[in-house]
Amino acid sequence: MRLRAVCLATALIFLLAISLAAQTGSNVQSSSAQATKPEIKNVPARYTDPSSGKEMYLAYCASCHGADGKGNGPAAPALKTPPTGLTQLTAKNGGKFPDAHIAQVIKGDVVTAAHGNKEMPVWGPVLFWLGQHDPAQQQLRIRNLTKYIESIQQK
């Protein structure tokens, strides 16, 4: 039993060392490549509170659209098409916030010209997965995220 625990611990340490070496090696390579062109890393979506549109926005949208919603997120320079400034949606829509359209874009039901190349992730399936495959929770997430985007509109 004790030998088994020692073997398991040794294997875990070995795997950790390989993992750290791989991360260090990829960081060195990406830092030299990053000097020439920004790179967007794909990372799994972290769980957020479905009732907090702001928390979801900061976790899923701000990297491209910016924490302030002006399209100036840290990943924006790496995109082929600049991210939409989300604070002007009401102004560009005759003074009415296009909530149904925004919800459709988030869900992935509508493909806009800027998102035609699929640089913007289709969040509908991700939000469905985060809600443990519950359509009601997916809808709650989309509604609260849409309401948060409405709240950052410039007057």
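Every read-out reported here was derived from the displayed coordinates using simple, explicitly stated rules and does not represent laboratory data. Everything numeric in this text was worked out from a predicted model, so none of it was measured. Please note: Cβ atoms are built from the backbone with ideal geometry, for glycine as well, and neighbour counts cover all protein chains shown.
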Note down the nm distance, to one decimal, between modelled labels 7 Å out along Cα→Cβ at LYS96 and at HIS133.
3.9
In this structure, the FRET efficiency calculated for LEU140 and ALA67 from their beta-carbon separation, with R0 = 25 Å, to the nearest 0.05, is 0.65
List the pairs from LYS54/LYS80; LYS80/LYS155; LYS70/LYS96; LYS54/LYS107; LYS70/LYS155; LYS107/LYS155 whose alpha-carbon separation is above 20 Å, in the order I gave them.
LYS54/LYS80; LYS80/LYS155; LYS107/LYS155
Suppose R0 equals 25 Å; then what is the FRET efficiency for GLN88 and VAL110 from their Cβ-Cβ distance, rounded to the nearest 0.05?
0.85
